[in-house]
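The values are calculated or read from the model by the stated rules, or taken from the named source; none is laboratory data. Remember, it's a predicted structure, so these values are computed and weren't measured experimentally. Using ideal geometry, Cβ is built from the backbone for each residue, glycine included, and neighbour counts are taken over all protein chains shown. Protein only, heavy atoms only, side chains kept; ligands, DNA and RNA dropped before computing areas. Shrake-Rupley method; radii C 1.70, N 1.55, O 1.52, S 1.80 Å.
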Amino acid sequence: KEETEAGTQWTTYLTNYMKTLKNKYTLVASRQLVGILAVCFVQEKYVNYIKDVRTQTEGVGIMGMMGNKGGVGIRFQLYDTTFCFICAHLAPHQGAVSKRNQNFVDIVTRTNFDGGSQYNPDNHEFVFYCCFFR
């Protein structure tokens, strides 16, 4: 199970909070993999110009596929510009640099948003990669 009650509550909380801001924001997508939650918003004035929204999770933990480590991706097109956001939880500890590097490579190379190579992160005009490890 990817989504948890806590993830749903966070998405609801953030959605409600974003509606209180001077510039109103609308949820584009949210996706969760165990403890990783990615939530993406856009200003309401751009909602009609968003298309081809896709999400994906990629587990790289135990046995190279479990969700205790991995990434969550959200991608979309705004006008003619493509955006890709990947949030990742990588292998912990100071001595695990090569394992974290491999986690990164596995997440980025496996992510294609179920659309083939045209949807690989490196085929987007803007890619945002956020990671944490502990």
Qualifying residues in the stretch 105-117 (those that are within 15 Å of the chain's Cα centre (by Cα) and closer than 18 Å to T81 by Cα) - the one most open to solvent (accessible area, probe 1.4 Å): N112
Pairs, first within 13 Å of C84 (Cα to Cα) in the stretch 48-61, second hydroxyl-bearing (S, T, Y) and not in a strand (DSSP E or B), C-beta under 6 Å, six or more apart: Q56/T111
Per-region count, the stretch 107-117, residues touching a helix residue (DSSP H, G or I) at 6+ places or on another chain (Cβ under 8 Å), part of a helix (DSSP H, G or I) and among the hydrophobic types (A, V, I, L, M, F, W, C): 1
Filter result (basic (K, R) and open to solvent by 60 Å² or more (accessible area, probe 1.4 Å)) within the stretch 29-54: K45, K51, R54
Answer from T20, T26 - the residue that is of a type in the set (S, T, N, Q), open to solvent by 40 Å² or more (accessible area, probe 1.4 Å), touching a helix residue (DSSP H, G or I) at 6+ places or on another chain (Cβ under 6 Å) and not in a helix (DSSP H, G or I): T26
Tally, over the stretch 118-133, of residues that are outside any loop (DSSP other than H, G, I, E, B), open to solvent by 80 Å² or more (accessible area, probe 1.4 Å) and either out of contact with any helix residue (DSSP H, G or I) (no Cβ under 7 Å at 6 or more places or on another chain) or more than 17 Å from A88 (Cβ to Cβ) (or both): 6
Condition check for L27: over 16 Å from F76 (Cα atoms), modelled with pLDDT of 95 or more and within 17 Å of the chain's Cα centre (by Cα): no
Near pairs, Cβ below 6 angstrom, 6+ apart or cross-chain, from the stretch 97-120 (more than 19 Å from C131 (Cβ to Cβ)) to any residue that is buried (at least 18 other Cβ atoms within 10 Å of the Cβ) and of a type in the set (D, E): none
